[in-house]
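This report concerns only the one structure given below.
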Amino acid sequence: MIYLVYNPLANSGKGAETKDAALAHLSKIYEGVEVKVLDAISTEIGDLLKELKKDDKVVILGGDGTLMRFANKVYGKNLPCPFYLYRAGTGNDFLRDVEKEVKDDMVELNKYLKNLPVIEVNDKSYVYLNGIGYGIDGFVCEIADKMRAEGKTNINYASLSVKNLLHGYKCPSAKITIDGKSKKYKKVWLASTMNGRFYGGGMIPVPDQDRLSDKVSLFVFHDSGKLKTLFTFPKLFKGTHVNKKKIIDIMVGKDVTVEFSRPCALQIDGETVLNVSKYHVYKK
C-alpha cells in the first residue's frame, strides 16, 4: 500500500489541490496499488509507524516546513519501509540539494532522516534538515508571517530582504562559538548554521556543505555597509559570495552557539521562532 500524507497548508495553502495532482500521478506510476490519503495535521505518526509493513511506501507531500515537522515526529524511530518526499512546496530547498536523486518528482528520505543536527532555542529542541536563518532572514520570515496572516499570498522573500536591508533591519553584534572557539562580530547581517547547502528559496550560503557529513557549516555575513551588502546579497543565489573574505566567514564544526546582542527572529527550515537571543546547534 502507498500512504500519501499531505499538508493542506503547504504550497501557500494549496495543499489540497496539490494532493489531487499527486494522487493521480502516484496512481499512474503504481498502477493497481492502493493509495491511502492521510492529513499530516491530524495523523498520529506513532500509530502510522505501527501500521506500516516493509513493502509499503509513505509519500510526504509538502515543502521544507512540512518535512521539518515530519522529521521531528519520526526522528530516532525505526522506519519500517521507504519514505519519500513529493515535490509540492514553495521553497523546496531540500529537493534542490538532492536534485540528482529526484525521480518521478520524489526522493527517498530514509538516509536523510538520520544524524540530523539539533537546535536548542528558547528552551525547546528541534531537528532540522536544511538550515537556520538568524538575522535579516529571520526578520523577513517574521514579516512574511504577518503578511500571510493578513491574507496576502504573493510574498516575495528576495524583494522583502532587499527592502528591509535598506530600511528596517538593524544589525546586532554577536558572539559566535564553534567547537569551543569564540569570535565576536560588531555587525551581523546573517549568522546561519547549515545542514544542507540551500535555504531561503534558493540561496546557497555554504556551497560545500554535505548534509550526510557529521558536521554543520556556519555562515556569517558581517561588518559591511548597506550598499556593499546590497551588491553582495544576490551572489548568495549563485554561491559566488564566498570570495568576499572580508565580510563572509564560513566555518565547519559539530557544535555551534550564536549569541546576538538583542533578541531577533530566527527561522528553522522556514518556520519562524521569535525573540531569540541565543541558539545552540550540535550534530553527533
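The values are calculated or read from the model by the stated rules, or taken from the named source; none is laboratory data. Because the structure is predicted, anything quoted here is derived from the model rather than measured. Every residue, glycine among them, receives a Cβ derived from its backbone with ideal geometry; neighbour counts consider all protein chains shown.
Data for the structure
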{"quantity": "Enumeration of residues in the stretch 233-284 that are modelled with pLDDT under 95 and acidic (Asp, Glu)", "calculated": "ASP269, GLU271"}
{"quantity": "Top-ranked residue of the stretch 79-104 - restricted to ones that are assigned to a loop (DSSP other than H, G, I, E, B) and aliphatic (A, V, I, L, M), ranked as modelled with the lowest pLDDT", "calculated": "ALA88"}
{"quantity": "Those residues of the stretch 87-119 which are of a type in the set (Asp, Glu) and either without any contact (Cβ under 8 Å) to a residue 12 or more places away in the chain or assigned by TED's automatic domain parsing to the domain that holds GLY196 (or both), in sequence order", "calculated": "GLU99, GLU101"}
{"quantity": "Residue within the stretch 157-171 that is outside any loop (DSSP other than H, G, I, E, B), within 14 Å of the chain's Cα centre (by Cα) and of a type in the set (A, V, I, L, M, F, W, C) present", "calculated": "no"}
{"quantity": "For ASP55: the one exception among (1) in contact with a Lys or Arg (Cβ under 8 Å, 6 or more places away or on another chain); (2) over 30 Å from MET147 (Cβ atoms)", "calculated": "(1)"}
{"quantity": "Qualifying residue in the stretch 23-36 (condition: touching a strand residue (DSSP E or B) at 6+ places or on another chain (Cβ under 9 Å), of a type in the set (Gly, Ala, Ser), within 30 Å of ALA158 (Cα to Cα) and not assigned by TED's automatic domain parsing to the domain that holds GLY202)", "calculated": "no"}
{"quantity": "Top-ranked residue in the stretch 38-51 [being surrounded by 14 or more Cβ atoms within 10 Å (Cβ to Cβ) and farther than 17 Å from CYS81 by Cα; ranked as modelled with the lowest pLDDT]", "calculated": "ALA40"}
{"quantity": "Flag if ASN115 is at positive phi and within 13 Å of the chain's Cα centre (by Cα)", "calculated": "no"}
{"quantity": "Test: residue in the stretch 105-113 that is surrounded by fewer than 16 Cβ atoms within 10 Å (Cβ to Cβ), at pLDDT 95 or above and either in contact with a Ser or Thr (Cβ under 7 Å, 6 or more places away or on another chain) or not in a strand (DSSP E or B) (or both)", "calculated": "yes"}
{"quantity": "Residues satisfying the stated conditions in the stretch 176-196, i.e. of a type outside the set (Gly, Ala, Ser) and farther than 13 Å from TYR134 by Cβ", "calculated": "THR177, ILE178, ASP179, LYS181, LYS183, LYS184, LYS186, LYS187, ASN195"}
{"quantity": "So PHE219, is it over 25 Å from GLY62 (Cα atoms), without any contact (Cβ under 8 Å) to a residue 40 or more places away in the chain and in a strand (DSSP E or B)", "calculated": "yes"}
{"quantity": "Pairs, first at positive phi in the stretch 168-192, second surrounded by fewer than 21 Cβ atoms within 10 Å (Cβ to Cβ) and assigned to a strand (DSSP E or B), C-beta under 6 Å, six or more apart", "calculated": "ASP179/GLY253; ASP179/ASP255"}
{"quantity": "Number of the condition not met by VAL118 [criteria: (1) more than 16 Å from VAL281 (Cα to Cα); (2) touching a strand residue (DSSP E or B) at 6+ places or on another chain (Cβ under 9 Å); (3) surrounded by fewer than 19 Cβ atoms within 10 Å (Cβ to Cβ)]", "calculated": "(1)"}
{"quantity": "Of the criteria (1) outside any helix (DSSP H, G or I); (2) loosely packed, with under 15 Cβ neighbours inside 10 Å, which one TYR126 fails", "calculated": "(2)"}
